[in-house]
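J.: Pasting a structure below so you can have a look.
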Ligand code: FE2
């Protein structure tokens, strides 16, 4: 096995429509299972036109997964079946472990005419699909910024960089979630556990993750790494910004319909029947 992970695949985020008519870009989703295990989906809802997002994501359930919202601009107003209400503002992260079930709404709102962010879905293993729902709500100033070398700035949301730990803790998939900004001609070098899935999603600028062929990726390109012990990224002269993720694969069957992800079709049917019958919420109703 090589020390530095090579690029296994480059995917381009594709347009799709979600919620009540939100036009967004999906970096990967159900078509890519199980390549990104333990991750299920990454949506990019950076948008220019209010009509692309104001319809939002009205009341819907989740079970068996975690949804992670990271905002760059504007906010998402959130309200749920446990009586929680609040907003995820620019620079904030909401890591929601839906577990046995929550019913919520998520409504994007602009600030100074801008709105944009990302939602990652992380799978839960069979042993945790029915865990009690839990939130980790992290504000912008709780996320440490690390500068491991000149021209490299990393916001550590989850995981650790040079001994600095991100504020999101105790997640089953043992994930890392980093927001990496490289100045012109800077190098990102980061150790990743062997056997863990790792990928990067480019959000601005241009650069390469393959030291050998130098293939350049840019905004809305998704790079899935092969196995190895570390990853490397090199920015072009324009600088480079990307989100970096790693996590421990679950290796279990995935039964997925809309916002609910279980192990078997029977569990999925049972969950939707409970939702229709009003017995979906197990905790905090
Ligand atoms: Fe949701």
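J.: Are there any pairs with C-beta distances below 6 angstrom linking a residue in region 101-121 that is over 26 Å from residue 178 (Cα atoms) and touching a residue at least 60 places away in the same chain (Cβ under 8 Å) to a residue that is within 16 Å of the ligand (Cβ to nearest atom) and part of a loop (DSSP other than H, G, I, E, B), with the two at least 6 apart or on different chains, and if so which?
T.: Qualifying pairs under 6 Å: 101/280; 101/281; 102/81; 102/133; 103/81.
J.: For region 69-91, what are the residues that are crowded, with 20+ Cβ neighbours inside 10 Å and either in contact (Cβ under 8 Å) with a residue 60 or more places away in the chain or over 22 Å from residue 52 (Cα atoms) (or both)?
T.: 70, 80
J.: Additional query: Considering only region 69-103, how many residues are closer than 12 Å to residue 260 by Cα and either within 12 Å of the ligand (Cβ to nearest atom) or in a strand (DSSP E or B) (or both)?
T.: Total meeting the criteria: 4.
J.: Let me ask something additional. Among 223, 261, 180, which is within 16 Å of the ligand (Cβ to nearest atom), within 19 Å of the chain's Cα centre (by Cα), part of a strand (DSSP E or B) and crowded, with 16+ Cβ neighbours inside 10 Å?
T.: 261
J.: When residues of region 45-68 are filtered for being outside any loop (DSSP other than H, G, I, E, B), away from the ligand (no atom under 11 Å from the Cβ) and surrounded by fewer than 21 Cβ atoms within 10 Å (Cβ to Cβ), how many remain?
T.: Looking only at that region, the number is 3.
J.: Identify all residues within region 17-44 that are free of Cβ contacts under 8 Å to residues at least 12 places away in the same chain and in a strand (DSSP E or B); write none if there are none.
T.: 17
J.: Continuing with this model, one more query. For the list (1) away from the ligand (no atom under 16 Å from the Cβ); (2) buried (at least 19 other Cβ atoms within 10 Å of the Cβ), I need the number of the one condition that residue 6 fails.
T.: Residue 6 satisfies every listed condition except (2).
J.: Still on this structure, I have one more. Do we find a residue being within 13 Å of the ligand (Cβ to nearest atom), within 18 Å of the chain's Cα centre (by Cα) and either crowded, with 19+ Cβ neighbours inside 10 Å or free of Cβ contacts under 8 Å to residues at least 60 places away in the same chain (or both) anywhere in region 138-152?
T.: no
J.: Mind checking which residues of region 240-250 are in a strand (DSSP E or B) and over 15 Å from residue 219 (Cβ atoms)?
T.: 244, 245, 246, 247
J.: Could you grab me the full set of residues in region 236-258 that are free of Cβ contacts under 8 Å to residues at least 40 places away in the same chain and away from the ligand (no atom under 16 Å from the Cβ)?
T.: 253, 255
J.: Residue 122 - would you say it is farther than 12 Å from residue 70 by Cβ, more than 16 Å from the ligand (Cβ to nearest atom) and at pLDDT 95 or above?
T.: Criteria not met by residue 122.
J.: Here's another thing I want to ask about it. Suppose we filter 237, 214, 195 for residues that are modelled with pLDDT under 95 and assigned to a loop (DSSP other than H, G, I, E, B); which single one remains? Before you say what the answer is, go through the steps one by one.
T.: Working: 237 fails: assigned to a loop (DSSP other than H, G, I, E, B); 195 fails: modelled with pLDDT under 95.
Sole residue among the options that is modelled with pLDDT under 95 and assigned to a loop (DSSP other than H, G, I, E, B): 214.
J.: Taking residue 163 as meeting all but one of (1) closer than 26 Å to residue 66 by Cα; (2) in contact with a strand residue (DSSP E or B) (Cβ under 8 Å, 6 or more places away or on another chain), write down the number of the exception.
T.: (2)
J.: Residue under question is residue 228, and the condition is that it be outside any strand (DSSP E or B), more than 17 Å from the chain's Cα centre (by Cα), surrounded by 15 or more Cβ atoms within 10 Å (Cβ to Cβ) and touching a residue at least 12 places away in the same chain (Cβ under 8 Å); does it hold?
T.: When the stated conditions are applied, residue 228 passes them.
J.: Which numbered condition in (1) surrounded by fewer than 21 Cβ atoms within 10 Å (Cβ to Cβ); (2) more than 25 Å from residue 135 (Cα to Cα); (3) in contact (Cβ under 8 Å) with a residue 24 or more places away in the chain is the only one that residue 207 fails?
T.: With (1) surrounded by fewer than 21 Cβ atoms within 10 Å (Cβ to Cβ); (2) more than 25 Å from residue 135 (Cα to Cα); (3) in contact (Cβ under 8 Å) with a residue 24 or more places away in the chain applied to residue 207, the lone miss is (1).
J.: Could you tell me whether residue 106 is within 13 Å of the ligand (Cβ to nearest atom) and outside any loop (DSSP other than H, G, I, E, B)?
T.: Against the criterion (within 13 Å of the ligand (Cβ to nearest atom) and outside any loop (DSSP other than H, G, I, E, B)), residue 106 qualifies.
J.: Between 8, 18, which is over 26 Å from residue 195 (Cβ atoms) and touching a strand residue (DSSP E or B) at 6+ places or on another chain (Cβ under 7 Å)?
T.: The match here is 18.
The values are calculated or read from the model by the stated rules, or taken from the named source; none is laboratory data. Since the model is a prediction, treat every value here as computed from it, not as a measurement. Please note: Cβ atoms are built from the backbone with ideal geometry, for glycine as well, and neighbour counts cover all protein chains shown.
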